[in-house]
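The values are calculated or read from the model by the stated rules, or taken from the named source; none is laboratory data. Because the structure is predicted, anything quoted here is derived from the model rather than measured. FYI the Cβ positions are ideal-geometry reconstructions off the backbone, even for glycines, and counts take in every protein chain you see.
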Amino acid sequence: MFTKISDATGMIPLVTIVKGQAVSSNLVARPGQALGAQSEFLPIPSGFVALAIPTSEQQGVADSIQPGDYISVIATVTSGAKVATKTVFTNIHVIRVGVDTGGASSAAAATSLTIVVTECEAEYITWFLTYAALKYVLESYQDYGTGPQAKDPNCLSVTDAKGVTLKLVQAAFPSLF
């Protein structure tokens, strides 16, 4: 049991902690801390996949994104002399945060986010990671959806993904081009 707030400062909640609840060491963890026995499966709903995306302090809200959070993805694309920025995905569930501790005396820095998306979204995100500059914004916990993520009727399984080309990206996000 922690006796001072400073004892738990910088730790990540592993479960929902309600106001006034006593906080013990099994309810929180330090970023990057091994958590002992974990499920052999990631919490990925049927019809979805996990995708690791790179992050940094500037790209990912100064290392504030934590497992359980929801983010939006903003892409900046340069096409000829035109530069455009647009939010391309919202309500993306983060299930893990990869960290680089930089050595025992350094603070942990997030290097990747493991997100849950459809296979079709994963293809678009991979395209944007290759050809655009991405930023992630942390959504307010008050805006998080309730219940499981809804399946995309055009991408119900991983076999529904058919690849992404520039032409498809231009059609899906015309204001970027």
Would you please name the residue that is nearest to Ala110 (Cα to Cα), looking only at residues in the stretch 67-89 that are free of Cβ contacts under 8 Å to residues at least 60 places away in the same chain and loosely packed, with under 14 Cβ neighbours inside 10 Å? Thr87
Residues within the stretch 141-154 that are in contact (Cβ under 8 Å) with a residue 24 or more places away in the chain and more than 20 Å from Val94 (Cα to Cα), tallied: 1
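Going by what's in this entry, would Val169 be described as on the phi < 0 side of the Ramachandran plot, in a loop (DSSP other than H, G, I, E, B) and of a type in the set (Val, Ile, Thr)?
no
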Answer with yes or no whether Leu166 is surrounded by fewer than 15 Cβ atoms within 10 Å (Cβ to Cβ), farther than 21 Å from Val49 by Cα and modelled with pLDDT of 90 or more. yes
Within the stretch 61-99, which residues are under 10 Å from the mean Cα position of the chain (by Cα) and part of a strand (DSSP E or B)? Tyr70, Ile71, Ser72, Val73, Asn91, Ile92, His93, Val94, Ile95, Arg96, Val97
Tell me, yes or no, whether the stretch 123-134 has at least one residue that is exposed (fewer than 14 other Cβ atoms within 10 Å of the Cβ), without any contact (Cβ under 8 Å) to a residue 24 or more places away in the chain, assigned to a helix (DSSP H, G or I) and of a type outside the set (Gly, Ala, Ser). yes
